[in-house]
Amino acid sequence: MLLTDSTNIITRDNIQLLHIDNTFATAEISLFGGHILSFKPKHDDRERLWVSQNALFDGKTPIRGGVPICWPWFGDHPSNTEVAAHGYVRTQTWEILNTEETDTGTTITLKPQTSASDGFEGNAQLTLAVHVGKQLNIQLRTTNLGDTPLTYNCALHSYFAISDINRCKLLGLSEQYSDKTRGYQMFDTPQPYRFSEETDRVHLQQPRTLTIIDEQIKTDILSSGHDSIVVWNPWQDNSISMQDMADDSYLTMLCVETAITQGQEVAPKDTHRLEQVIC
């Protein structure tokens, strides 16, 4: 596969990374997991994504941070306790299908080693298209290759870099959410939406635009093809317990995830697109 002039392959520990450096931005994508690790627009040179300083790059363990690809289930499998949480594609090596340079940036298209594994009955092809320009456009495409409908869950599990979780807020959500930390009870979304404890919430809404306000700095997140927004921060005790997070990691990250948690049905030969745009 020929790479564009703005794209080259580098190695970090045991995995290969695509490094993109074009007119508009720099970015890095791990071929292990099809995992976006960095996006830094050149107009402000500010990193949008957070990666743990203790993240493992051993080619076996899911990378902590960036944009993990959760597919074809999100969280624990609904019935099979033997399979890994968040699906199996984030621990596969992905193949480069295509690279393209246009006047708006660089597009990389990837696919996992296989779209079939234990815990998923469908016949599907998964691809990931990443456009690196003034914005980062991420599109996860699921094509039903079978003759019957298939249903799955998935998420773009994005970790955003912030300066201090105690001083940031999230705009664009309202109504109620399901709180995993409180037995999935329903609560009203706080206004303003700030953070002072472990947060693991499923908002069953489809807002088009969300905004993280980090002191005076704004990061906009645009979503489509989703049925939920998941908001997560592990807080201190969980950060301490995780091997791949520093004790104070929770202070500088916030996950705002574009997700399907209620089951997306795809008709035979159709394609569903889950999309997140980071500005």
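Each value in this text was obtained by applying a stated rule to the coordinates, not by laboratory testing. No experiment lies behind these values; they were computed from the predicted model shown. Cβ atoms come from the backbone with ideal geometry, glycine included; neighbour counts cover every protein chain shown.
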Gaussian network model of the chain, Cα within-10 Å springs - most flexible of HIS43, HIS35, HIS203:
HIS43
Nearest 20 debye, what's the magnitude of the dipole of the chain about its Cα centre given +1 on Lys and Arg Cβ and -1 on Asp and Glu Cβ?
340 debye
Backbone N under 19 Å from the GLN216 label point (7 Å along Cα→Cβ), restricted to the range 29-55:
43-47
For the range 7-278, what are the per-bin percents of Cα-Cα distances with bins 5 Å wide, up to the bin holding the maximum?
1, 6, 13, 17, 20, 18, 14, 8, 3, 0, 0
For Cα pairs less than 8 Å apart in space and 6+ apart in sequence, what is the mean separation divided by the residue count of the chain, i.e. the relative contact order in percent?
18 percent
Let a ≥ b ≥ c be the square roots of the eigenvalues of the Cα gyration tensor of the range 123-217; is it rounded (a/c under 1.5), or, if not, prolate (a/b larger than b/c) or oblate?
oblate
Loop only by DSSP, 16 or fewer other Cβ within 10 Å of the Cβ. Give me the GluC sites (Glu not before Pro) in the range 75-170 that pass, ordered by residue number.
GLU82, GLU121
State the Cα centre-to-centre distance between the range 196-271 and the range 27-83 in whole Å.
12 Å
How long is the range 210-279 along each principal axis, judged by its Cα atoms, biggest number first, in Å?
47, 31, 16
Of PRO41, CYS154, GLN185, which is farthest along the charge dipole of the chain in the positive direction, counting Lys and Arg as +1 and Asp and Glu as -1 at C-beta?
PRO41
To two decimal places, what compactness ratio does the range 1-96 give when its Cα radius of gyration is scaled by 2.2 N^0.38 Å?
1.18
Nearest 500 deg cm²/dmol is fine: what mean residue ellipticity at 222 nm does the chain get from its DSSP H runs of n ≥ 4 alone, each adding -39,500 (n - 2.57), divided by its residue count?
-500 deg cm²/dmol
